[in-house]
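The values are calculated or read from the model by the stated rules, or taken from the named source; none is laboratory data. What you are looking at is a predicted structure, and each value in this text was computed from that prediction instead of being measured. A quick note on method: Cβ atoms are made from the backbone with ideal geometry, for glycine too, and the neighbour counts reach across all protein chains shown. In case anyone asks, the SASA skips ligands and DNA or RNA and just uses the protein heavy atoms, side chains included. Shrake-Rupley method; radii C 1.70, N 1.55, O 1.52, S 1.80 Å.
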Amino acid sequence: MTRHLALLSTSLLCPLPAQAEQTRWDTFNGTLSASKFADVASFTPETVPRLERAWEVRTGDVADGSGELPETVWSATPIYANGTLYLGTPFYRIIALDPATGEEKWRYDSQSTLEALTQPALKNRGVAYWESGATGPCEKRVYLGTMDATLHAVDADTGKPCADFGVNGVLNVNQWNETNAVFPFSLLQPPTIVGDRILIGWSGMDWEYTVEPPGNLMAVDARTGELLWDTGFIPAELIPRTGTANIWSSMSADPELGLVYVPVSSPSPNYWGGNRLEGIPLATSTTAVDIETGAVAWSFQHIRHDIWDYDTPSAPTLVDIRRGDEVIPALVQTTKQGFIFVLDRRTGEPLFPIEDRPVPPSDAEGEGTAATQPFVTVPPPTVPVEDLPGVWGLSDALSLGECSKDRETYRYEGLFTPPSVEGTFLWPGTAGANNWGGAAVDPRSGILYVNSSRVVQVLRLIPREDYESEVHNATDGNIEGGNEAGFHAQEGSPYGIELYEWTNSLGLPCWEPPFGTFSAYDLASGERLYEVPFGLTQRWGFYGMRAWGSPTLGGPVVTAGGVVFIGASMDDRVRALDAATGEELWSDIVAAPSVAIPAVFTHEGVDYVVFTAGGNSILKPQVADQVVAYRLGSP
């Protein structure tokens, strides 16, 4: 639909006034609590079948990788604040739209280098918003990060640069990239803003180096960009040998406790840890940091000596849990390995039992795995972790037993089976059972909602002396890896890697479905209330069976009316689900998978849900630049 048609459709709708209001959706996760809860009552299981498109916009900022530009990956949450909808794009521009019509108010171009400097694609997850409470130019600001490590501040009303921030509105964040600087601090995830502090994490280049920049969290002044503090997560004595343990995902915060909760990733190199056997206690953790000082208040490590790239992938979800007469300030951390950690957010103490279980040892040169790892049984994991999914009979039969032969060939001794030269099944795969979309929670009921992927990969360590020749023979000299797959050097370690999905020669998954699910959990008891297949797989123009589900990227939003909004699946659909059952109530086809978190808000008395549809080649090779807004039509 063109913008002209979008405006026509607006005049034909008769939206109902909102019963409750979500007056802001001004962070990546909606609010600083990362609850992804919208206090909107008009969207109910009875009304959402009446959802209609209010407008549609194409940003123009898209590339499929076939031309001069790398492909785009767009996962931006639309930000609703100041009566405006703000979007960041993978060409590192800001677009301000009228929430009711989609009309463009202004556009800002960062003039960033459009090169895949640290990622296999041009990536963006949106913008951040701040306001001072005063009036005047740049008292309300929108911030945009770029892959080449700059942070831009513009006036939220006009899109003009705020000259007092950095140098003429641009802060060079790479000025603080002083150690092991083999790549820039790419700002692909919008920063988290608490009060007048901008909290900045960054992304790097996974799987390529042993010694990389050490992960850190920086706080800068929202007006000037002045560095206020800088907290690192790797012990000083290990920094010459390793790196990362960075914060590439979003964060949550509790201003009353004065804490920001950060998901810390794994150290480098990702799939071999012989250079860091001493342990890095803050890596692959949820860590609480004092907002004023940057001091670490507490930390909970989900994986000891991570050699699976199971980064902590999302902002912890903050919610108060009632137990008897006590109300406990809690946080919920979903993880790539499928565990749901429920912690007291004041102290980091677990609220449900966690078991330390023995895990298999490594036979890789110089490696030494942790003897045990933490396992969570309550709440139940979002994927079965006790064993690998069974061989899918359909795929095995069509390939004349290829899948069964693979099952006997590659190593698997349960979750945390180490990488190996012969090949190890990575289950869940490196994109995780749960990724950066995280979970949503209804704070009134304490029910958590989460989408999960079930993907099995094969990970193979390649001895250094064989790596270059193997890559050359397999790729005709193209040594570039793919998006969460392919060959990667881990330069400086004894091994490079090859990573790929466990499929047969026809491209069908060798593991049995479902490939994706949607679940609900009661956080007071830890009980899983339901688990249903979610989405449809899509390949070669055909859809899979509903019972198979789909791998997902993106996250849900739950509303006060008992509806969950979510994109995330392969099949280019955005959906409304019944929060009570997970049943699909409504869907619409968009231009590409909506690998993002939707925005749900009330503007001028009318409730809207807005999706970006940008695609991600982890799901399938389809990209777009679409923004679609929905509201209720006439009864």
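Sorted largest first by accessible area at a 1.4 angstrom probe radius, with every protein chain in place, the residues 325, 356 fall in the order 325, 356. Whole-percent P(r), segment 340-473, all Cα pairs, 5 Å bins from 0: 2, 8, 13, 17, 18, 14, 12, 8, 5, 3, 1, 0. Where the alpha-carbon atoms of the chain are placed on the principal axes, they occupy 64, 61, 54 Å, in descending order.
Most tightly packed first, judged by the mean number of other beta-carbon atoms within 10 Å of their residues, the peptides 548-557, 223-232, 492-501 read 548-557, 492-501, 223-232. Leaving out ligands, DNA and RNA, and with a 1.4 Å probe, what % of the accessible surface on the chain is carbon or sulfur? Roughly 51 percent of what the probe reaches on the chain is carbon or sulfur. The packing ranking, built from the mean of other Cβ atoms within 10 Å per residue, places the peptides 417-424, 213-220, 190-197 in the order 213-220, 190-197, 417-424, highest first.
For the chain, adding -39500 (n - 2.57) for each run of n ≥ 4 DSSP H residues and dividing by the number of residues yields -1500 deg cm²/dmol at 222 nm.
Once the other residues with Cβ under 13 Å from the Cβ of residue 491 are scored (Lys, Arg +1; Asp, Glu -1), what is the net sum? Every neighbour counted, the sum reads -3.
The Cα center of segment 282-339 and the Cα center of segment 198-219 differ in position by 19 Å.
Secondary structure note: in the chain, about 95% of the DSSP beta bridges are antiparallel. Each Lys and Arg adds +1 at its Cβ and each Asp and Glu adds -1 at its Cβ; summed about the Cα centre, the chain shows a dipole of about 1220 debye.
Among the listed pairs 36/336; 160/336; 123/160, a Cα-Cα separation exceeding 31 Å is found for 160/336.
Rolling a 1.4 Å probe over the protein heavy atoms gives the chain an accessible area of 34 Å² per residue. Each other residue within a Cβ distance under 11 Å of residue 20 adds +1 if Lys or Arg and -1 if Asp or Glu, for a net charge of -3. Taking the average, over residues, of other Cβ atoms within 10 Å as the packing measure, peptides 20-31, 595-606 rank 595-606, 20-31 from highest down. First check a/c for segment 183-266, with a ≥ b ≥ c the square roots of the eigenvalues of its C-alpha gyration tensor; if it is under 1.5, answer rounded, and if not, answer prolate when a/b is larger than b/c or oblate otherwise. It is prolate, given that a/c is not under 1.5 and a/b is the larger ratio. Accessible area per residue (1.4 Å probe, heavy atoms of protein chains only) ranks 517, 47 as 47, 517, with the largest value leading. Seen from residue 516, the other residues with C-beta closer than 12 Å to its C-beta sum to a net charge of 0, counting Lys and Arg as +1 and Asp and Glu as -1. Rounded to the nearest 10 square angstrom, residue 487 shows an accessible area of 20 square angstrom against a 1.4 Å probe.
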